[in-house]
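The next block holds one structure in the form of structure tokens; read it before the comments.
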Amino acid sequence: MATIFTKIIDGEIPATFVWRDDECVAFMSINPLRSGHTLVVPRREVDLWTDCPPDLRNHLFEVSSTIGKAIQRVYSPERVGLIIAGLEVPHLHIHLVPIDVVRDLDFANAAASVDREELDESAFSIRSVLTSQGASGVSD
């Protein structure tokens, strides 16, 4: 059975993308911990990160690093946190979150919903930085 992330990747469910390549996508979280919260998701349905093939894992982390640098430029947080929790959707995904303190990574503080315009603005800002850095997978 396809996960919700596979349905997003296949265009069955809308999402606000910042990255698309042959191996993964990245899109804005609809339950963000903070503005700029982005998910990096492999196209291949892998549940546990420990089962992820090394080449795909390396690619996911390279893309996460590239997007993390863009998030750093857009939001100027103390750090860009990275979490692989994997409890809510059985499809590997990496959370990239601009953080100033560790409690910024507490999922109990996730927004119940977010305005589509805010997601679009965040994605536009991140894509603009990615484009200016010459990144190859920037989504339209």
Flag for G134 being at positive phi and either in contact with a helix residue (DSSP H, G or I) (Cβ under 7 Å, 6 or more places away or on another chain) or in contact (Cβ under 8 Å) with a residue 12 or more places away in the chain (or both): no
The range 110-128: number of residues that are in a helix (DSSP H, G or I), loosely packed, with under 12 Cβ neighbours inside 10 Å and either touching a Gly at 6+ places or on another chain (Cβ under 9 Å) or of a type outside the set (D, E) (or both): 0
Of all residues making up the range 69-115, the number that are at pLDDT below 95 and in contact with a His (Cβ under 6 Å, 6 or more places away or on another chain): 0
Residue identified as polar (S, T, N, Q), more than 23 Å from T6 (Cα to Cα) and modelled with pLDDT of 95 or more among S122, S128, S65: S128
Filter result (hydrophobic (A, V, I, L, M, F, W, C) and more than 27 Å from V46 (Cα to Cα)) within the range 72-98: V74
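The values are calculated or read from the model by the stated rules, or taken from the named source; none is laboratory data. Keep in mind the model is a prediction, meaning the values are calculated, not measured. Every residue, glycine as well, gets a Cβ built from its backbone with ideal geometry; the counts of neighbours run over all protein chains shown.
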